[in-house]
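**Student:** There's a structure below that I have some questions on.
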Amino acid sequence: MLLILVCEHEARSCFMEWIPDLRQIRAFVAVAELGSFTQAAKKIFVTQSAVSHAMRTLEDQLSCQLLDRSSKRVTLTNEGEMVLKRCKRILLEIDLAGRDVDGLRRWGQTRIRIGAPHSLCNYLLPAVLREFRDCFPRCEPSIEAGDTMSLVQRLSETELDVVIGMRPKGVNPEAYRMLHRDRLHFLVSPMHPWAADVSEVEESINEQQFIVYARGTETHRLGMEWIESRSGRMKKPIVLGDMQAIREMVKLGMGVGLMAPWVAAREIEEGGLCAIPMPDGGIEREWGAYHSPKKSLSLVEDAFIGLCDLAFAMID
């Protein structure tokens, strides 16, 4: 038993002292796969003597025989089969690293981590991502949905590369590109009196049950600010965290939604909803792209922001 432990210890010590040479590994894998020093030399573009020297050196370093040279075709010993599995794994990782580096060289990066509010994830980003994948097929995008300011915080912690979201009023981000401005409208059912006569808006505005978007969002803050500016004469609004739910409630005549028309473009086009401009110009919002101020935009990041800019232009 003691002898076995000593042998195992010596074997481990031998492998720990081995500093792998990539040329030896490539030569060994080629010989193992082809069963010939001559064919292996041709495959890796070296001389046969170089392959033979690499194998002798490798076996000396490991203090074991990896190849059985007793027959015309070279075969592996038990030790050789074990080492071959590890060497193939090493070459695979090196190959993958080369592909990653090639992606960085060609596109600037092989992934892009994007943050955006749920509304953009549902209504804008699908078309952007389709175009993006056509332009950068080897770059993998990942999307994180959430409140803009929370996502910007993650951007500062290098957990995201780009955030597409709303710029809060009075905030001047350091690394930011304005992409779009829109205005909130009243969304009503076609059966609502405002749908037939917009002149009734100002007269009956305080009687309406408004439905506003989720707390903690800039849209909610702007909506509540506008409601409070009406001197507290309005009903307490219904707050929902899902745009689809707001649209469905408005369709059923359960309230008046505060929403940008592009979020309900299909329903408006099909006649299921009507968009009514708010009085006095309504509520304006600004959308833009946030990125890290610590580094310049990569080709991939700049292209993604450009595609978002085009997508915003198409929703007007």
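Each reported figure results from applying straightforward, stated rules to the coordinates on display, with no laboratory input. Just so you know, these numbers come straight off a predicted model, no measurement behind them. Methodologically, a virtual Cβ is constructed for each residue, glycine included, from the backbone with ideal geometry; neighbour enumeration extends over all protein chains shown.
**Student:** Please state which of the following conditions residue 139 fails to meet, knowing it meets all the rest: (1) under 19 Å from residue 274 (Cβ atoms); (2) in contact (Cβ under 8 Å) with a residue 12 or more places away in the chain.
**Tutor:** Answer for residue 139: the failing condition is (1).
**Student:** Hey, can you tell me all the residues within the range 113-150 that are more than 17 Å from residue 304 (Cα to Cα) and touching a strand residue (DSSP E or B) at 6+ places or on another chain (Cβ under 7 Å)?
**Tutor:** 118, 146, 148
**Student:** On to the next question. Look through the range 176-226, keep the residues that are touching a helix residue (DSSP H, G or I) at 6+ places or on another chain (Cβ under 9 Å) and of a type in the set (Gly, Ala, Ser), and return whichever of them is nearest to residue 239 (Cα to Cα).
**Tutor:** 214
**Student:** Within the range 233-316, considering only strands (runs of 3 or more DSSP E) that don't extend past its boundaries, which have at least 1 residues that are of a type in the set (A, V, I, L, M) and free of Cβ contacts under 8 Å to residues at least 40 places away in the same chain?
**Tutor:** It comes to 238-240.
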